[in-house]
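Asker: Sharing a structure here in structure tokens format.
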Amino acid sequence: MTDSKQALIIGASRGIGLGVVEVLAKRGWQVTATARGAVPAKGPTSVEWVTLDINKQEDRKAVKDALSARRFDLVFVNAGVFGPDHQDLHQASDEEMLQLFLTNTISPVRTAAEFLPLLNHRTGVLALMTSELSSLNENDVATYPLYSASKAALNMLSRGLQDATEKQEVTLLSVHPGWVKTDMGGENATLTVEESATGIVDRFDAFRSKGGHHFVDYSGRILRW
Ligand SMILES: NC(=O)c1ccc[n+]([C@@H]2O[C@H](COP(=O)([O-])OP(=O)(O)OC[C@H]3O[C@@H](n4cnc5c(N)ncnc54)[C@H](OP(=O)(O)O)[C@@H]3O)[C@@H](O)[C@H]2O)c1
């Protein structure tokens with residue numbers, strides 16, 4: 001038995017997800033992390049890794065069944081993709097659009113809903129990784145429209161979880177990580193993974209027990225929907 005706080009980080013093989021795992025582990029959390037392929041070679045040794053492709057219902061069920069006796073202080077659905085580089089609806093195939101919305105919109109919310117019962121009542125935090133680009137207010141020129149639309153729809157389906165999160169008295173967060181140097185964010189991004197991940201973990205601490213649904217960035221700025 002341990003008194004450490006328990007986190008489940010979904011989509012943690014690299015980038016910001018792995019960064020969040022590293023920050024939590026450094027702060028003494030007991031972390032269970034998921035990867036759909038190989039486990040990262042340099043992750044903290046204390047982390048328990050499980051295999052999960054969020055788009056596979058059978059994977060989600062197997063992981064949930066394996067963890068069903070556990071209770072977590074944090075479940076963070078971080079997995080996401082950018083979609084086609086050209087970001088042009090007229091060039092994109094239906095299959096590309098369906099994959100983008102499956103991975104960024106439908107599967108994250110299904111995953112969040114399915115793992116919600118594993119959160120501790122009152123102090124638990126259910127977080128989904130979105131982007132400020134999802135917001136009609138913050139992104140009024142529709143930069144990266146396909147990616148941004150998938151995250152906008154994610155926000156609305158996340159709002160649809162609010163009844164369930166209120167019933168369980170947990171806090172629901174839609175998180176923007178800033179613009180981060182990862183495979184997705186690219187080299188010109190303004191933040192390192194460590195800077196973004198540290199801010200995100202600080203937000204998890206700051207919002208614990210607050211209840212409600214909040215759209216917040218890594219630095220604590222509240223974003224307009
Ligand atoms: N970087 C930025 O500036 C930025 C800005 C705003 C929002 N975000 C969001 O932040 C999150 C992390 O982005 P990142 O920059 O760290 O990107 P990244 O380096 O490309 O990492 C994406 C992560 O998502 C995982 N993933 C993708 N599809 C998955 C699936 N079907 N099942 C399970 N895991 C899956 C990847 O796993 P594999 O290794 O198996 O592919 C990887 O671990 C994403 O939701 C992204 O949209 C990023």
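Values quoted throughout were computed directly from the atomic coordinates according to the rules given, and no laboratory measurement underlies them. What you see is a predicted model; the values in this text were computed from it and never measured. Reconstructed Cβ throughout: ideal geometry from the backbone, glycine too, with neighbour counts over all protein chains shown.
Asker: Using Cα positions and a limit of under 19 Å, work out the lysines in reach of residue 26, with same-chain residues fewer than 8 apart set aside.
Answerer: Correct list for residue 26: 5, 42.
Asker: Related question: For the chain, evaluate the Debye formula with one uniform point scatterer on each Cα (no solvent term) and list log10 I(q)/I(0) at q = 0.08, 0.14, 0.15 Å⁻¹, rounded to two decimals.
Answerer: -0.25, -0.83, -0.96
Asker: Report, in degrees rounded to the nearest 10, the 0 to 90 angle that the Cα long axis of helix 145-159 makes with the longest principal axis of the chain.
Answerer: Helix 145-159 and the main axis of the chain meet at about 40 degrees.
Asker: Sticking with this structure for a sec: Nearest 10 degrees is fine. How inclined is helix 193-207 to the longest principal axis of the chain, computing both from alpha carbons?
Answerer: Helix 193-207 sits roughly 60 degrees off the main axis of the chain.
Asker: Mind giving me the nanometre distance, one decimal, between the label points for residue 62 and residue 205, set 7 Å out from Cα along Cα→Cβ?
Answerer: Result: 3.6 nm between the two label points.
Asker: Report the one residue of 104, 192, 128 whose Cα lies farthest in the direction of the positive end of the charge dipole of the chain (charges on C-beta: Lys and Arg +1, Asp and Glu -1; origin at the Cα centre).
Answerer: 128
Asker: What size of dipole, in debye to the nearest 20, comes out for the chain about its Cα centre when the only charges are +1 on Lys and Arg C-beta atoms and -1 on Asp and Glu C-beta atoms?
Answerer: Values: 23 positive and 27 negative charges, 166 e Å.
Dipole about the Cα centre, nearest 20: 800 debye.
Asker: Given contacts defined as C-alpha pairs under 8 Å and at least six residues apart, what's the relative contact order of the stretch 42-155, whole-number percent? Walk me through the numbers on the way to the answer.
Answerer: Numbers: 128 pairs, mean separation 35.4, N = 114.
With pairs under 8 Å counted, the relative contact order is 31 percent.
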